[in-house]
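As structure tokens, the structure follows; a few thoughts come after it.
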Amino acid sequence: MFMAISSSSSSLFFPFKPSLLYKTITTSPTSGTLFDVKNHVTYYCQRLNDNGTQEGHVLQSEQQWHRRFLLLCSFSAVFCPTLPSWGKTKAKNPYDEKRLLEQNKRIQKENNAPQDFPNFIREGFEVRVVTSENYVKRDSGLIYRDYEVGKGDCPKAGQQVIFHYVGYNESGRRIDSTYLQGTPARIRVGTNALVPGFEEGIRDMKPGGKRRIIIPPELGPPVGPSTFFSSKQFEVFDVELLSVQDCKRRTIGFYSDFVCN
């Protein structure tokens, strides 16, 4: 079997000058590949002298190939180690955070966001919420601020809450409002009818209270074409709790519902 070696590939293993003319490699007729027969492979190269004679040189055996290959692997492992994962992570630049913050403030101003509206610094899927010291953050990730505490008892599971709200996205754009609809919302607490973060924020409010609730994505509403929430992002709600009502089950024949007053 004959196998040709080009000058470009041979330069990795053979420290000879480019003027050398490489011939072919001859292996045993019974061997299938270069490494099938041990100590039977000999490499020859011929150099043309000025008088036209040829001078043969024995280059290396198969074992020398193995030694050179192992040496190359060892050199690569020691002097060219794999870079750690943190080295590929983009370091946070304070200048970029400041630029993103100013950009968010400018967009919120264009959208007529309310006063003391929280700011959001978003870099990909990472979001940092910037608020004043008047806001409180819970262990669940919910952030809120009370503008008016209200009076009375907080709603309990099974009771109906009547409230107004205005919903905003991170850019300060209004996405929903019961004030514009002209009718407050009526929802029974503890029936999974509310967004988890919204129900958590309204459960400890008192009638007459006003609160701003910042809901993180993990406590937020579902997303998709059927909703006005287009992506996983923070949502802000200004809530005014009007009243809390007790509810009783009413059954008429095969029909059953709840009556709240």
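In this calculation the C-beta distance from R250 to D96 is compared with R0 = 51 Å, giving a FRET efficiency of 0.30. With the cut-off at 30 Å, tell me which of the pairs K137/K248; K109/K151; K156/K210; K105/K151 have Cα atoms farther apart than that. Listed pairs above 30 Å: K137/K248; K109/K151; K105/K151.
Among 236-249, 173-186, sorting by the average number of other beta carbon atoms lying within 10 angstrom of each residue, highest first, gives 236-249, 173-186. Peptides 134-146, 208-220 ordered by packing proxy, namely the average of other Cβ atoms within 10 Å per residue, highest first: 208-220, 134-146. A full extension of the chain between R128 and V259 corresponds to an added length of 42.8 nm, given 0.36 nm per residue minus the alpha carbon distance. The peptide list 153-163, 194-204, put in order of mean Cβ contacts within 10 Å with the highest first, becomes 194-204, 153-163.
The stretch between Q115 and D153 holds 10.8 nm of extra length on full extension. This uses 0.36 nm per residue minus the Cα-Cα distance.
Laboratory data are not the source of any read-out in this text; all were calculated from the coordinates shown. All of these numbers come straight from a predicted model, not from anything done at the bench. Note that each Cβ is placed from the backbone with ideal geometry, even for glycine, and that neighbours are counted across all protein chains shown.
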